[in-house]
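Okay, so here's the structure we're looking at.
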Amino acid sequence: MATSAVIHNVLHALNFPVDIRNVCVFLAPAFSALTAIATYKLTKEAEGPVAGLLAAAFIAVAPGYISRSVSGSYDNEAIAIFIMVCTFFLWLRALRYGSALYGGLAALSYFYMVSSWGGYVFVINVIPLHVFVLLLMGRYSNRMYVAYSTFYVLGTLASMQIPFVGYVPTDTSEHMAALGTFGLLQLFGLAAFVRELVGDDSRFRLLLRGGLALGAVLGAAAGVVLHINGVIAPWTGRLYSLWDTGYAKAHIPIIASVSEHQPTAWPSFFFDLNFLVWLFPAGVYFCFRKLGEPHVFMIIYSVFGVYFAGVMIRLMLTLTPVVCFTAGIAMARVLETYLDFGQISQPSKGPVAGRRGKSGEGEVSPSIFDRFPRFVNLAVLVNFLFFLVMYQLHCTWVTSSSYSSPSVVLSSHTPDGSVMIIDDFREAYYWLRQNTPPDAKVLSWWDYGYQLAGMADRTTYVDNNTWNNTHIATVGRIFASNEDDAYELLRKLEVDYVVVVFGGFLGYSGDDINKFLWMIRIAQGVYPEHVHEPDFFNSRGQYAIGDNASPAMRDSLMHKLSYYRFNELMGGRGIDRVRNQPLPTYPIVLDTLEEAYTTTHWMVRIYRTKRPDNLGRTLQESSRFDRLY
């Protein structure tokens with residue numbers, strides 16, 4: 001938001017009257033162009049301009065990055081990936097020249113990264129790991145000392161100025177690798193300084209190595225003691241779940257419930273990277289062949305990028321840049337080899353040992369590769385040109401079909417191939433905005449919180465910030481409770497309207513019934529005495545609906561609100577098109593809530609919370625009277 005405001009003010013100062021909304025909409029594409037430039041600079045730093053140009057071309061259209069850089073994608077990652085690549089480039093440049101200036105610029109870029117995205121933890125661990133690996137390889141230099149010391153000190157001090165961060169870089173486990181590497185580098189620097197004064201004596205070298213080892217052991221021991229005593233905080237749950245993939249599901253279900261936090265299915269790698277998937281390992285191989293300082297960095301980034309992308313599909317975003325870097329290196333090698341027509345060797349004519357020609361002499365019959373060397377080069381180049389064209393077509397198709405539609409408006413294809421627009425979300429939000437009081441309070445699952453606040457302009461209890469786990473668990477408990485218990489909680493929270501998303505009619509699999517198990521797990525973590533996950537599975541251990549559902553599932557508010565009057569729409573006994581299960585045959589009755597509005601395709605259902613009866617009757621008695629008379 002600060003970036004958008006700065007751009008808006010600068011444009012207005014230059015007499016360009018651009019609306020702030022347009023700045024927000026086009027922020028991500030503008031920064032994606034800067035990402036391509038930063039990618040070129042970084043890859044050029046490691047391999048050369050040819051590889052840099054190819055890497056920039058790859059990342060410019062890679063679906064793995066376009067998913068967060070299309071117009072209207074106003075999220076942290078819209079600018080964070082550019083800042084991350086820029087930080088890595090400035091770090092490699094600082095290391096190459098031993099420049100305090102570039103080290104300071106890298107620290108400034110890191111400060112920008114910290115202020116924009118929580119993924120800055122990846123940056124502050126990859127760079128220290130790069131330094132540590134170089135130290136293990138015996139590649140300590142004054143350049144490294146100046147570059148890393150400048151980067152770490154200035155970067156840490158700058159990041160601590162952000163209120164959200166504060167003293168986190170000094171007392172949390174995820175930042176200790178950077179601090180430990182900084183301390184180890186000081187020991188190496190001291191050793192190098194003393195060696196210059198004393199000389200290169202073998203006994204002194206032995207003593208020096210022993211001192212370094214002792215210092216490293218004492219530093220590690222101090223870190224362990226501080227961690228045990230609570231001075232250094234442990235890994236946060238979100239980060240710990242990257243190492244223990246079952247941790248979040250067992251202990252922090254709110255994290256595991258997010259679709260972006262699920263493990264990546266293998267087709268997703270091909271979907272988001274296409275033929276870069278097999279160029280990537282070839283590029284890593286060429287990095288191993290050289291093993292320069294930038295190449296070691298590429299290898300480290302590749303290893304951790306692949307691991308994290310496999311654990312969490314959202315982190316495909318951090319893998320895409322290094323895939324483009326290394327794919328550019330591999331493709332540059334191919335082009336440099338097979339575009340060099342002037343250096344093609346001529347077929348050998350001298351006698352060699354081997355099979356005999358038709359003449360019976362000791363000459364080898366020229367193969368097709370010897371007879372037509374230019375044909376081989378052309379064949380390889382045409383082959384790779386085909387892959388490049390297919391890559392471009394694939395990226396264009398993925399971008400247009402999967403990453404260019406707003407999540408609030410859905411589309412599908414009818415049997416005749418025409419496109420059907422499903423605008424139920426905006427229809428529901430517009431109804432709330434026009435037909436409810438401005439101070440009305442709306443309860444829904446947290447997925448729709450931002451949309452309700454922005455489009456319906458109504459107060460919500462939970463939203464996509466997800467910082468308050470207790471509030472979210474309370475909403476989950478309301479949906480998991482029976483109608484009477486849920487009504488008591490709704491009255492305590494002064495809820496006016498309840499919104500549920502139901503996909504049983506259209507076949508929309510992202511509805512609340514499919515998310516309901518996560519609501520139950522989150523609620524159970526805070527209210528274990530009220531919500532029990534096993535109660536929502538039937539006697540055969542199935543998560544079912546309708547007549548096959550467990551008693552707790554049938555009585556839950558979520559089940560009632562989703563299937564209320566749905567049988568009337570289906571003309572009797574129908575089928576839920578998402579779960580392919582028969583609908584309830586028994587009538588679903590609501591006593592404490594009443595249907596206020598259902599959208600055209602029955603996708604969003606809005607219910608009004610009833611007020612206490614004016615005659616002093618219970619709502620159950622009042623509802624029964626209304627049904628009879």
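The values are calculated or read from the model by the stated rules, or taken from the named source; none is laboratory data. As the structure is a prediction and not an experimental result, all values here were calculated from the model. For neighbour counting, all protein chains shown are included, and Cβ atoms are generated from backbone atoms with ideal geometry for every residue, glycine included. Surface accessibility is based on the protein's heavy atoms, side chains included, excluding ligands, DNA and RNA. Shrake-Rupley method; radii C 1.70, N 1.55, O 1.52, S 1.80 Å.
Observations, loosely collected:
- Ligands, DNA and RNA left out, the 1.4 Å accessible surface of the chain is 61% carbon and sulfur atoms.
- Extents of the range 23-168, largest first, come to 45, 42, 24 Å (Cα atoms, principal axes, whole angstrom).
- With all protein chains modelled, accessible area of residue 391 [1.4 Å, Å²]: 10
- For the chain, the 222 nm mean residue ellipticity estimated from helices alone, with every DSSP H stretch of n ≥ 4 adding -39500 (n - 2.57) and the total spread over all residues, rounds to -18500 deg cm²/dmol.
- Remark on residue 596: its backbone amide H falls under 5 Å from those of 606, 607, 608, a criterion applied only to residues 5 or more positions apart or on other chains, H modelled at 1.01 Å from N.
- Averaging the sequence gap over all C-alpha pairs within less than 8 Å and six or more residues apart, then dividing by the number of residues, gives the chain a relative contact order of 10 percent.
- Rounded Å value of the spacing that divides the Cα centres of the range 109-174 and the range 386-432: 40
- Per residue, the accessible area of the range 260-300 comes to 47 Å², computed with a 1.4 Å probe over protein heavy atoms only.
- Gyration tensor (alpha-carbon) shape descriptor, the chain, a/c threshold 1.5: prolate
- This model, with +1 at the C-beta of Lys and Arg and -1 at the C-beta of Asp and Glu, gives the chain a dipole about its Cα centre of some 1900 debye.
- Projected-area mean, the range 558-619, by convex hull of Cα positions, square nanometres: 5.0
- Measuring against 23 Å, Cα to Cα, the residue pairs 249/492; 560/610; 249/441 contain 249/492; 249/441 as the ones spanning a longer distance.
- The 3J(HN,Hα) values that the Karplus relation (6.51, -1.76, 1.60; θ = phi - 60°) gives for the range 118-133 are, in residue order, x, x, 4, 4, 4, 5, 6, 10, 5, 5, x, 5, 4, 4, 4, 5 Hz. Gly and Pro appear as x.
- Applying 1/(1 + (r/R0)^6) with r as the Cβ-Cβ distance of residue 224 and residue 133 and R0 = 22 angstrom yields a FRET efficiency of 0.50.
- Rounded if a/c under 1.5, otherwise prolate or oblate - the range 427-580, Cα gyration tensor axes: oblate
- Share of Cα-Cα pairs in the range 500-603 lying beyond 21 Å, as whole percent: 33
- Over the range 508-576, relative contact order from alpha-carbon pairs under 8 Å, at least 6 apart, %: 21
- Solvent-accessible area per residue, Å², over the range 476-530 with all protein chains present [probe radius 1.4 Å]: 36
- Annotation: peptides 153-159, 594-600, ranked by per-residue average of other Cβ atoms within 10 Å with the highest first, follow the order 153-159, 594-600.
- When the Cα gyration tensor is reduced to axis lengths a ≥ b ≥ c, the ratio a/c is 1.5 or higher for the range 260-302, and with a/b not above b/c it is classed as oblate.
- Mean-position separation - Cα centroids, the range 1-28 and the range 495-521, in angstrom: 37
- Accessible surface, per residue, of the range 1-91 when the full set of protein chains is kept, probe 1.4 Å, Å²: 42
- Size of charge dipole - the range 460-537 - debye, nearest 20, with Cβ of Lys, Arg +1 and Asp, Glu -1, no other charges: 240
- Positive dipole terminus of the chain, leading residue within 376, 551, 388 (C-beta point charges): 376
- Given charges at Cβ of Lys, Arg, Asp, Glu: the range 548-629 dipole, positive-most of 593, 581, 569: 581
- In terms of Cα atoms, the Rg and Dmax of the range 244-324 work out to 14.6, 44 Å.
- The charge dipole of the range 371-498, taken about the Cα centre with unit charges on the Cβ atoms of Lys, Arg (+1) and Asp, Glu (-1), comes to about 980 debye, rounded to the nearest 20.
- Sorted peptide list for 1-9, 531-539, criterion being average Cβ within 10 angstrom, highest first: 531-539, 1-9
- Radius, Kirkwood style, for the range 390-517 when every pair of distinct Cα atoms is counted (Å): 16.7
- Burial ranking of peptide ranges 333-340, 485-492 (average Cβ count within 10 Å, highest at the top): 485-492, 333-340
- Positive-end extreme of charge dipole, the chain - chosen from 177, 482, 232 (charges on Cβ): 177
- 3J(HN,Hα) along the range 185-192: 5, 5, 5, 5, x, 5, 4, 5 Hz, from the Karplus curve 6.51 cos²θ - 1.76 cosθ + 1.60 with θ = phi - 60°, whole Hz, x for Gly and Pro.
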